[in-house]
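Structure first, commentary second.
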Amino acid sequence: MIPLPANRLLCIALLIMVVPVAASGTAVTRALSTAEPGAGETFTVSLSIEGMALGGVVETLPAGYAFAGTDLPDDRVLVREQKIAFAVMNDTRITYSVRAPASGSGDITGRWEDFIGGTDGAVAASHVAVDGIETAAASGGADPAVREAGSPFAVLAAVAGILLAAYRGGRR
């Protein structure tokens with residue numbers, strides 16, 4: 001059993017090591033010009049990319065929403081149904097347009113991979129709803145595993161839970 005002061009020191013050391021790793025894992029963030037586009041309206045999605053020399057980003061649009069163009073050259077973009085793949089080559093920002101359907105809501109999700117750095121991760125989900133009206137199909141939302149992958153707090157909560165369980169287990 002580890003004495004109480006040593007246990008606290010171990011917890012602090014683990015948090016100091018885990019927080020920077022979890023925080024540095026987000027290389028791509030997404031911003032929308034609007035989360036409530038009008039029916040048939042085109043809105044802009046901007047991806048901010050940090051520290052990725054060579055890699056890729058794959059965005060998935062909700063059902064009914066359509067890719068309407070990008071500022072990247074055509075040879076660096078691939079569109080298949082609701083998925084849009086972007087080749088990243090020292091880009092710091094990618095901007096693309098999406099056309100909203102007559103009605104519907106859902107999440108824009110994404111995944112990124114840094115080929116040189118050997119890292120990958122999820123882009124936090126961005127919710128959109130035509131005229132702000134939620135639809136029944138939106139209640140299913142994105143895959144929960146994708147949402148959770150973008151949250152560093154889940155890692156911290158898991159580490160804290162394990163340490164708490166180990167500490168309480170040692171006291172009995």
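Read-outs: derived from the displayed coordinates by stated rules, not from any lab. Just so we're clear, the structure is a prediction, and the values are computed from it rather than from any experiment. With ideal geometry, Cβ positions are generated from the backbone for all residues, glycine too; neighbour counts draw on all protein chains shown.
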Mind checking the full-extension length gain between Leu72 and Ser33? Use 0.36 nm per residue of separation minus the Cα-Cα distance, one decimal, nm.
12.2 nm
Rounded to two decimals, what ratio of Rg to Rh does segment 27-142 give with C-alpha atoms and a Kirkwood Rh?
0.97
Inter-label distance for Val58 and Glu134, nm, one decimal - labels placed 7 Å from Cα along Cα-to-Cβ:
2.9
Note down the net charge around Asp131, summing +1 for each Lys or Arg and -1 for each Asp or Glu among other residues with Cβ under 12 Å from its Cβ.
-3
Over segment 27-142, what is the relative contact order in whole percent, taking alpha-carbon pairs under 8 Å and six or more residues apart?
34
Determine the equivalent ellipsoid of segment 84-140 by diagonalising the alpha-carbon gyration tensor, then write out the semi-axes as square roots of 5 times the eigenvalues, largest first, rounded to whole Å.
29, 14, 7
Run the simple label-point estimate for Thr92 and Ser48 please: 7 Å along Cα→C-beta, distance reported in nm.
1.1
Highest-first arrangement of 82-90, 38-46, where packing means the average Cβ count within 10 Å
82-90, 38-46
